[in-house]
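Visitor: Quick one: the structure is below, and I'll ask about it shortly.
No value in this document is a laboratory result; all are computed from the given coordinates. All values derive from a computational prediction rather than experimental measurement. Cβ atoms come from the backbone with ideal geometry, glycine included; neighbour counts cover every protein chain shown.
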Amino acid sequence: MVAGDIPAADVREQFVIGHAVWLEALAVFARRALFAGGATDEAIVRPDAAMWDRMEALSKADPRKESLMWAGRCVVLGKMQKTSDGVKGTASKLLTLANVSLPSEMRELERRLDA
């Protein structure tokens, strides 16, 4: 889109990455993936203590809205879903791609999504 190869409207139509639910899930992912298990205080984020290599896992995410990895998470019946479960479910998928342990509320959500 930045290079002019695809119009912004097409990004929003075809990809999850053009939506607020994705950006919020990305923030949840980054907070947990970069700092979970570290010696940082929950209220303090120190970039020098971040596990930046975990960001590479994002390359495994299929950004297409039609990808089954987003079904029931941020995409429900072909429509983007900006709900608490939509954000958490999307973040959960990203954390799983990065092999980061899920907090209990995300594990419970995964159980519900798998049911």
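Visitor: What are the pairs with Cβ atoms under 9 angstrom where one residue, in region 6-27, is closer than 14 Å to Cys74 by Cβ and the other, located anywhere, is surrounded by 18 or more Cβ atoms within 10 Å (Cβ to Cβ) and polar (S, T, N, Q)? Sequence gap at least six, or different chains.
Guide: Sorted first by the residue in region 6-27, then by its partner, the pairs are Val16/Thr90; Val21/Gln81; Val21/Thr90; Trp22/Thr90; Glu24/Thr90; Ala25/Thr90; Ala25/Ser92; Leu26/Thr90.
Visitor: Please work out which one of (1) surrounded by fewer than 12 Cβ atoms within 10 Å (Cβ to Cβ); (2) not in a helix (DSSP H, G or I) is the condition Leu102 fails and give its number.
Guide: With respect to (1) surrounded by fewer than 12 Cβ atoms within 10 Å (Cβ to Cβ); (2) not in a helix (DSSP H, G or I), Leu102 is out only on (1).
Visitor: Does Asp53 qualify as being over 13 Å from the mean Cα position of the chain (by Cα), surrounded by fewer than 17 Cβ atoms within 10 Å (Cβ to Cβ) and more than 24 Å from Asp10 (Cα to Cα)?
Guide: Numbers: over 13 Å from the mean Cα position of the chain (by Cα): yes; surrounded by fewer than 17 Cβ atoms within 10 Å (Cβ to Cβ): yes; more than 24 Å from Asp10 (Cα to Cα): yes.
Yes; evaluated as a whole, the condition is true for this residue.
Visitor: May I ask you to verify whether Ser67 is surrounded by fewer than 12 Cβ atoms within 10 Å (Cβ to Cβ) and out of contact with any Gly (no Cβ under 7 Å at 6 or more places or on another chain)? Spell out how you get there, then give the answer.
Guide: Numbers: surrounded by fewer than 12 Cβ atoms within 10 Å (Cβ to Cβ): no; out of contact with any Gly (no Cβ under 7 Å at 6 or more places or on another chain): yes.
In short, no.
Visitor: If you don't mind, another one. Can you give me the number of residues within region 72-92 that are part of a helix (DSSP H, G or I), of a type in the set (A, V, I, L, M, F, W, C) and surrounded by 24 or more Cβ atoms within 10 Å (Cβ to Cβ)? Don't jump to the end; show me each part of the working.
Guide: Residues of region 72-92 that are part of a helix (DSSP H, G or I), as a first pass: 84-92.
Next cut, of a type in the set (A, V, I, L, M, F, W, C) only: 87, 91.
Going one step further and asking which of them are surrounded by 24 or more Cβ atoms within 10 Å (Cβ to Cβ), we end up with 91.
Summing the residues that are part of a helix (DSSP H, G or I), of a type in the set (A, V, I, L, M, F, W, C) and surrounded by 24 or more Cβ atoms within 10 Å (Cβ to Cβ) in region 72-92 gives 1.
Visitor: Let me ask another. Quick check, is Leu109 outside any helix (DSSP H, G or I) and of a type in the set (A, V, I, L, M)?
Guide: Values: outside any helix (DSSP H, G or I): no; of a type in the set (A, V, I, L, M): yes.
It is false that Leu109 is outside any helix (DSSP H, G or I) and of a type in the set (A, V, I, L, M).
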